[in-house]
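Colleague: Sharing a structure here in structure tokens format.
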Amino acid sequence: MTTRSIDKERVRFYGWAWLAFSALWVVYSVITDRPNSGVRTLNYLWAGIYVLALNIVLFEWVLPLVRRKRASFLSNILLGIVLFWAVLMLGSFGLYLWRFIGIRLHIYTSLRDFKSITAGVGYHFPYTVSSFFFFGIVRHAYAYTRLKHMTQQLRIEKQEAELNYLRSQTNPHFLFNTLNNIYSLARDKSDRAPESILRLSKMLRFMLYEAGGDYIAVGQELRIIDDYIALEQLRYDESLRINLTTDIEDPKQALPPLLLIPLVENAFKHGVSETRGNAFVDIHLSIRNSRLRFLVRNSAESPEADGRQPKENIGLSNLRRQLALLYRESDLHVAQADSVFTTTLTINLASHV
């Protein structure tokens with residue numbers, strides 16, 4: 001046996017809609033008949049209970065029944081007319097009967113005598129119709145707002161999933177390149193291999209225990225960059241010139257973890273490692289008034305003779321997509337002239353999505 005779960009949000013909606021509808025009629029009674037406003041308030045609350053049940057029947061049973069697909073569209077129209085007319089009659093005659101029950105229970109106070117049932121039904125007819133319009137408009141606004149919220153939530157979840165996927169690509173790619181560096185040292189039986197493994201261990205510890213959240217301090221990002229530069233320096237002799245400068249207003253400024261490392265990695269893997277002589281890497285990071293500027297210049301082979309721009313690797317491509325998901329105002333500019341490759345990253349950190 002299957003049981004249908006109760007939509008608590010929908011129940012809450014009808015409760016608030018009923019209170020709002022009753023409040024409107026209470027205000028109307030105060031304006032039009034102040035001496036009897038207290039009695040009329042109780043009458044409207046009693047009538048509102050029946051109207052609430054009637055609107056639930058209309059919007060939760062009748063309308064879904066009419067909207068079902070059938071062999072003929074005309075049958076839907078005819079069924080809708082019949083059912084809506086039945087609800088109107090149920091509202092008018094039923095509300096008059098509900099009034100009579102309230103009088104017998106001493107809950108409803110009769111302030112008007114009707115010469116006939118038809119007169120009583122006609123008196124309550126506008127109240128019933130107005131409730132249909134009110135609940136219909138409010139329900140439509142509620143459904144639109146809820147749908148908009150769900151759409152926005154799905155968009156956020158999709159962006160988070162894509163961002164996590166990009167990060168899951170970047171981290172193994174970063175580790176793969178680092179392991180290649182250690183492999184080259186081990187193959188040459190270099191005395192620097194143990195130190196490189198130790199530094200890699202430190203970087204892995206950072207990635208596992210500190211880079212798992214949405215943000216880290218920019219000071220932490222700089223430490224991982226320092227460790228990576230030190231690890232790369234183990235592969236080269238003193239002919240490699242590395243210059244790292246910073247101008248940071250607040251070292252605790254929040255930044256997505258490992259956002260800057262792809263540019264540094266790119267400078268070594270696709271720049272310095274392919275340079276025959278005069279190898280260098282210049283890095284400058286400045287953060288002022290929530291404006292980040294990260295400039296990386298490195299030696300590189302001269303561009304191709306046909307003038308085509310170098311193809312971006314997976315690190316830069318993933319970084320561009322991450323920036324698009326994380327910030328409304330950001331720019332990643334790549335340029336190569338002569339034997340110098342330059343990447344410039346600018347971000348308005350206050351424009352985080």
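Colleague: Go through the residues of segment 125-137 one by one and say whether even a single one is farther than 29 Å from TRP16 by Cβ and either surrounded by 12 or more Cβ atoms within 10 Å (Cβ to Cβ) or more than 49 Å from the chain's Cα centre (by Cα) (or both).
Modeller: no
Colleague: Checking the structure you have, find out if any residue of segment 8-26 is surrounded by 12 or more Cβ atoms within 10 Å (Cβ to Cβ), more than 25 Å from ALA143 (Cα to Cα) and of a type outside the set (Ser, Thr, Tyr).
Modeller: yes
Colleague: Tell me the residue from LEU63, LEU54 that is in contact with a Gly (Cβ under 8 Å, 6 or more places away or on another chain), within 29 Å of ARG146 (Cα to Cα) and surrounded by 14 or more Cβ atoms within 10 Å (Cβ to Cβ), please.
Modeller: The conditions single out LEU54.
Colleague: Could you please give the count of residues in segment 333-345 that are part of a strand (DSSP E or B) and surrounded by fewer than 18 Cβ atoms within 10 Å (Cβ to Cβ)?
Modeller: Counting residues in segment 333-345 that are part of a strand (DSSP E or B) and surrounded by fewer than 18 Cβ atoms within 10 Å (Cβ to Cβ) gives 8.
Colleague: Continuing with the same structure: Out of ASP306, ASP250, report the one residue that is surrounded by fewer than 16 Cβ atoms within 10 Å (Cβ to Cβ), assigned to a loop (DSSP other than H, G, I, E, B) and modelled with pLDDT of 80 or more.
Modeller: Going through ASP306, ASP250 in turn, the sole match is ASP250.
Colleague: Then there is this: Name the one entry in ALA53, ALA17, ALA47, ALA23 that is of a type in the set (A, V, I, L, M) and touching a helix residue (DSSP H, G or I) at 6+ places or on another chain (Cβ under 6 Å).
Modeller: Checking each option against the conditions leaves just ALA17.
Colleague: Okay, moving on. Here are some residues: SER92, SER116, SER110. Which one is surrounded by 14 or more Cβ atoms within 10 Å (Cβ to Cβ) and not aromatic (Phe, Trp, Tyr)?
Modeller: After applying the criteria, what remains is SER92.
Colleague: May I pose another question? Take HIS284 and tell me if it is at pLDDT 80 or above, exposed (fewer than 12 other Cβ atoms within 10 Å of the Cβ) and of a type outside the set (A, V, I, L, M, F, W, C).
Modeller: No.
The values are calculated or read from the model by the stated rules, or taken from the named source; none is laboratory data. On a predicted model such as this, the values are computed, not experimentally measured, just so you know. Counting neighbours? That spans all protein chains shown, and the Cβs are built from the backbone with ideal geometry, glycine included.
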